[in-house]
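Got a structure for you, questions after.
The values are calculated or read from the model by the stated rules, or taken from the named source; none is laboratory data. Everything numeric here is computed off the predicted structure, so don't read it as measured data. Ideal geometry is used to build each Cβ from the backbone, glycine not excepted, and the neighbour counts take in all protein chains shown. Protein only, heavy atoms only, side chains kept; ligands, DNA and RNA dropped before computing areas. Shrake-Rupley method; radii C 1.70, N 1.55, O 1.52, S 1.80 Å.
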Amino acid sequence: MKITFYGHASLGITVDDVNILVDPFITGNEKASHINIETLEADYILVTHAHQDHILDVEAIAKRTGAVVISNYEIVGYYEKLGIEGHPMNHGGQWDFEFGNVKYVNAIHTSSFPNGSYGGQPGGFVIEGEHKNVYIAGDTALTFDMKLIPMQTTLDLAILPIGDNFTMGIDDAILASDFIECDKILGYHFDTFGYIEIDHEVAKRKFFQKNKDLMLLGIGDYIEL
Ligand code: NI
Ligand code: MN
């Protein structure tokens, strides 16, 4: 499994030869101006919630690639009206896709579309791939519901928001790491705009002091699990 950071909360995940994008917000992120969405491959696009900073490039990429949008019922309905294929889910449900099992899990946040219309309830994804298991938290507060995840899935990596203000910050993300029983964390949802700027060294040190590993990738960089 290869995971590429495209800035903010945008990820590319490759499982074998299947390409998955998560929450593509690239053309609106000046820090990601070196990423060309025309060259991104996608078989599936996972969308955690309907906020602009998670959906901005979904329509353009899905229409070019024919990718299937996987999200909550309301978001998938929105894209189906635009002629985009989707797979609707809701909280607590899981489905076996060709790249692995996906469960849509709780997040504490909101989920309106940029025009104010209803975007369902926000969520995160637990992906059980053939060899590796990953939790993508989406935008969320720290919540006890995270403790449900390790009851069913042993995580190899968790991708957690760490930018504070709109989501968990560093200290809550460390507690989340305890709740999900995963000490290997990829941080996201930081630095994109003023409210969520963080000190990288302080963040890494705080995780290190709890015997945890916080990875922060440059935009366009990737890790392999
Ligand atoms: Ni949001
Ligand atoms: Mn966000």
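Could you grab me the full set of residues in segment 85-120 that are under 14 Å from ALA50 (Cα atoms), among the small types (Gly, Ala, Ser) and surrounded by 14 or more Cβ atoms within 10 Å (Cβ to Cβ)?
Those that are under 14 Å from ALA50 (Cα atoms), among the small types (Gly, Ala, Ser) and surrounded by 14 or more Cβ atoms within 10 Å (Cβ to Cβ): ALA107, SER111, SER112, GLY119, GLY120.
Considering only segment 113-129, how many residues are part of a strand (DSSP E or B) and either closer than 29 Å to LEU225 by Cβ or within 15 Å of ligand 2 (Cβ to nearest atom) (or both)? Let's see the steps before the verdict.
First, pick out the residues of segment 113-129 that are part of a strand (DSSP E or B): 118, 123-128.
Checking the rest, the ones that are also either closer than 29 Å to LEU225 by Cβ or within 15 Å of ligand 2 (Cβ to nearest atom) (or both) come to 123-128.
Within segment 113-129, residues that are part of a strand (DSSP E or B) and either closer than 29 Å to LEU225 by Cβ or within 15 Å of ligand 2 (Cβ to nearest atom) (or both) number 6.
Looking at ASP145, ASP213, can you tell me which residue is in contact (Cβ under 8 Å) with a residue 40 or more places away in the chain and of a type in the set (Asp, Glu)? Can you show your working first?
Numbers: ASP213 fails: in contact (Cβ under 8 Å) with a residue 40 or more places away in the chain.
Testing whether each residue is in contact (Cβ under 8 Å) with a residue 40 or more places away in the chain and of a type in the set (Asp, Glu) leaves just ASP145.
Just to confirm my filter: which strands (runs of 3 or more DSSP E) fall fully inside segment 1-75 and include at least 2 residues that are over 20 Å from ASP156 (Cα atoms) and of a type in the set (A, V, I, L, M)? Don't jump to the end; show me each part of the working.
On the way: elements: 2-5, 11-15, 18-22, 44-46, 68-72.
It comes to 68-72.
Does any residue of segment 60-67 turn out to be among the basic types (Lys, Arg) and in contact (Cβ under 8 Å) with a residue 12 or more places away in the chain? Walk me through it before giving the result.
Of segment 60-67, the ones among the basic types (Lys, Arg) are 63-64.
Then drop every residue that is not in contact (Cβ under 8 Å) with a residue 12 or more places away in the chain, which leaves 63-64.
So far as segment 60-67 goes, yes, one or more of its residues are among the basic types (Lys, Arg) and in contact (Cβ under 8 Å) with a residue 12 or more places away in the chain.
OK, next. Can you tell me how many residues within segment 130-165 are more than 16 Å from ligand 1 (Cβ to nearest atom), modelled with pLDDT of 95 or more, open to solvent by 20 Å² or more (accessible area, probe 1.4 Å) and not in a strand (DSSP E or B)? So that I can check it myself, show each step before the final result.
Step one: list which residues in segment 130-165 are more than 16 Å from ligand 1 (Cβ to nearest atom), which gives 130-135, 144-158.
If we keep only those that are modelled with pLDDT of 95 or more as well, we get 132-135, 144-158.
When the remaining residues are screened for being open to solvent by 20 Å² or more (accessible area, probe 1.4 Å), the result is 132-133, 144-145, 147-148, 150-152, 154, 156.
Next, from what is left, pick out any that are not in a strand (DSSP E or B): 132, 144-145, 147-148, 150-152, 154, 156.
Summing the residues that are more than 16 Å from ligand 1 (Cβ to nearest atom), modelled with pLDDT of 95 or more, open to solvent by 20 Å² or more (accessible area, probe 1.4 Å) and not in a strand (DSSP E or B) in segment 130-165 gives 10.
Within segment 46-87, take every residue that is within 16 Å of ligand 2 (Cβ to nearest atom) and of a type in the set (Val, Ile, Thr) and give me the one that is nearest to ILE13 (Cα to Cα). Reasoning before the result, please.
Applying the first criterion (within 16 Å of ligand 2 (Cβ to nearest atom)) to segment 46-87 yields 46-58, 71-72, 75.
From what's left, of a type in the set (Val, Ile, Thr): 47-48, 55, 58, 75.
Working: VAL47: 13, THR48: 15, ILE55: 17, VAL58: 15, ILE75: 21 Å.
Taking the candidates together, the pick is VAL47.
Here is a list: ASP57, ASP23. Which entry is free of Cβ contacts under 8 Å to residues at least 60 places away in the same chain, among the acidic types (Asp, Glu), touching a Ser or Thr at 6+ places or on another chain (Cβ under 6 Å) and buried (at least 21 other Cβ atoms within 10 Å of the Cβ)? Talk me through it step by step, then tell me what you get.
Details: ASP23 fails: free of Cβ contacts under 8 Å to residues at least 60 places away in the same chain.
Residue meeting the stated conditions: ASP57.
Please name all residue pairs, on different chains or six or more residues apart, with Cβ atoms under 6 Å, provided the first residue is in segment 180-203 and is closer than 18 Å to PHE5 by Cα and the second residue is open to solvent by 60 Å² or more (accessible area, probe 1.4 Å).
The qualifying pairs are LYS184/ASP213; ASP191/GLU197; ILE196/ASN165.
Residues being closer than 21 Å to ALA107 by Cβ and either of a type in the set (Asp, Glu) or within 15 Å of ligand 2 (Cβ to nearest atom) (or both): count how many of those fall in segment 30-45.
Kept after step one, since they are closer than 21 Å to ALA107 by Cβ, are these residues of segment 30-45: 44-45.
Applying the additional criterion that residues be either of a type in the set (Asp, Glu) or within 15 Å of ligand 2 (Cβ to nearest atom) (or both) yields none.
Counting residues in segment 30-45 that are closer than 21 Å to ALA107 by Cβ and either of a type in the set (Asp, Glu) or within 15 Å of ligand 2 (Cβ to nearest atom) (or both) gives 0.
Shifting gears a bit: Which one of these does LYS81 not meet: (1) surrounded by fewer than 18 Cβ atoms within 10 Å (Cβ to Cβ); (2) touching a strand residue (DSSP E or B) at 6+ places or on another chain (Cβ under 8 Å)?
Among (1) surrounded by fewer than 18 Cβ atoms within 10 Å (Cβ to Cβ); (2) touching a strand residue (DSSP E or B) at 6+ places or on another chain (Cβ under 8 Å), LYS81 violates only (2).
Quick one: in segment 26-42, which of the residues that are farther than 10 Å from GLY7 by Cα and among the acidic types (Asp, Glu) is least open to solvent (accessible area, probe 1.4 Å)?
The residue in question is GLU38.
So, one more: Pick out the one residue from VAL18, VAL47 that is among the hydrophobic types (A, V, I, L, M, F, W, C) and surrounded by fewer than 21 Cβ atoms within 10 Å (Cβ to Cβ). So that I can check it myself, show each step before the final result.
Numbers: VAL47 fails: surrounded by fewer than 21 Cβ atoms within 10 Å (Cβ to Cβ).
Answer to the check: VAL18.
Sticking with this structure for a sec: Condition first: surrounded by fewer than 19 Cβ atoms within 10 Å (Cβ to Cβ) and under 15 Å from ILE162 (Cα atoms). Now tell me which residues in segment 179-190 satisfy that.
Result: ASP183, LYS184.
Check off (1) assigned to a strand (DSSP E or B); (2) touching a residue at least 12 places away in the same chain (Cβ under 8 Å) for LEU82 and give me the number that stays unchecked.
Unmet for LEU82, out of (1) assigned to a strand (DSSP E or B); (2) touching a residue at least 12 places away in the same chain (Cβ under 8 Å): (1).
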